[in-house]
Amino acid sequence: MIIEKVYKASNEQEKSQRRIAETIISEITKNNKFTLGITQLAEKSQASQPTTTRFINEIYPEGNYKLFKEKLNEEIKTYFKSNYEKNNLFDNKKRMLLDITNTLEKIDDSQIIKASDLLVKANKINVASLGGNYSIKYLFEHKLTKIGKYAMLSLDWHQQLINLNFMTKTDVLIVISYSSDKNEISKIIEKALIKGIKIILLTGEFKSKWENEVDICIKIPSTDAKFRSFSFTSKTCMNLVIELIFREMLKNILPEIDVVEEWKWQNK
């Protein structure tokens, strides 16, 4: 994905390339599109045109500058939807219902069963997520601990990464990431792969470099943009998938009767 490559370059590349990447991001943020010619981009970035051309070729080796701009603008339309002021209650209800229905209809039952089996057999479970997905992470961990599973609790992504040091091939990493392309998430997945830890990825319906690397990749249908200020149906749809996995787990891990009694919260 071009946008992710540009964003990564704005943080990690040498000074001149970083300025070019920052200029591209600035233009996208300001205009919600990218229209600069190669000469304009070089001038605004205070970089030479050959340096700018080399940078674009590294970011998008599949084509020329014109194709780079076309592809970038396609991604912008897909990833940065807004128009919040134009929405209305009826359409919002209809969209939510449609996304929920699509999720339940499109989910592969065999993947749900496979994910459940991995979690039932796991000694330790590390749930990794960032930002708004913390709420989903917390709810899933809460469910897992209620049936006696060892969930490695932490909201800090560094700790989620450190948790992998104490995990083995008998454990499972669950990654909750709608885009699955965040740098922090990638570092966690990369380390888990090196250690041979089983990975369940819950993500959106986007092309991901990890989908063929992890043990299970479950893509959640949602009309939310890939990168957005607010999450509307993606979190709800993620929760639906987690509920399906958890209920499947209950076929093999039934709570003890005393646990059930404790959770009744009866006043005596």
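The values are calculated or read from the model by the stated rules, or taken from the named source; none is laboratory data. No experiment lies behind these values; they were computed from the predicted model shown. Note that we place each Cβ from the backbone using ideal geometry, even for glycine, and neighbour counts take in every protein chain shown. Accessible surface is based on the protein model in full, side chains and every heavy atom, while ligands, DNA and RNA are left aside. Shrake-Rupley method; radii C 1.70, N 1.55, O 1.52, S 1.80 Å.
The residues in region 1-22 that are at pLDDT below 90 and more than 25 Å from SER180 (Cα to Cα) can be counted, and the count is 3. Residue-level analysis places GLU58 among those that are open to solvent by 80 Å² or more (accessible area, probe 1.4 Å) and under 25 Å from the mean Cα position of the chain (by Cα).
Of these, ALA42, ALA47, which one is within 15 Å of PHE68 (Cβ to Cβ) and open to solvent by less than 30 Å² (accessible area, probe 1.4 Å)? Residue meeting the stated conditions: ALA42. Do we find a residue being closer than 14 Å to ILE56 by Cα and either among the basic types (Lys, Arg) or crowded, with 20+ Cβ neighbours inside 10 Å (or both) anywhere in region 10-18? Yes, there is a match, as at least one residue in region 10-18 is closer than 14 Å to ILE56 by Cα and either among the basic types (Lys, Arg) or crowded, with 20+ Cβ neighbours inside 10 Å (or both).
Just wondering, is there one or more residues in region 127-138 that are assigned by the TED database to the domain that holds CYS217, modelled with pLDDT under 95 and more than 23 Å from SER179 (Cα to Cα)? No, the conditions are met nowhere in region 127-138.
Among the residues of region 174-189, is any over 14 Å from the mean Cα position of the chain (by Cα) and modelled with pLDDT of 90 or more? Looking through region 174-189, none of the residues is over 14 Å from the mean Cα position of the chain (by Cα) and modelled with pLDDT of 90 or more. Out of ASN126, ASN133, ASN102, report the one residue that is touching a residue at least 12 places away in the same chain (Cβ under 8 Å) and in contact with a Pro (Cβ under 6 Å, 6 or more places away or on another chain). After applying the criteria, what remains is ASN102. Taking the criterion of being modelled with pLDDT under 90 and closer than 14 Å to ILE3 by Cα, the residues of region 23-57 that qualify are ILE25, SER26, GLU27, ILE28, THR29, ASN32, LYS33.
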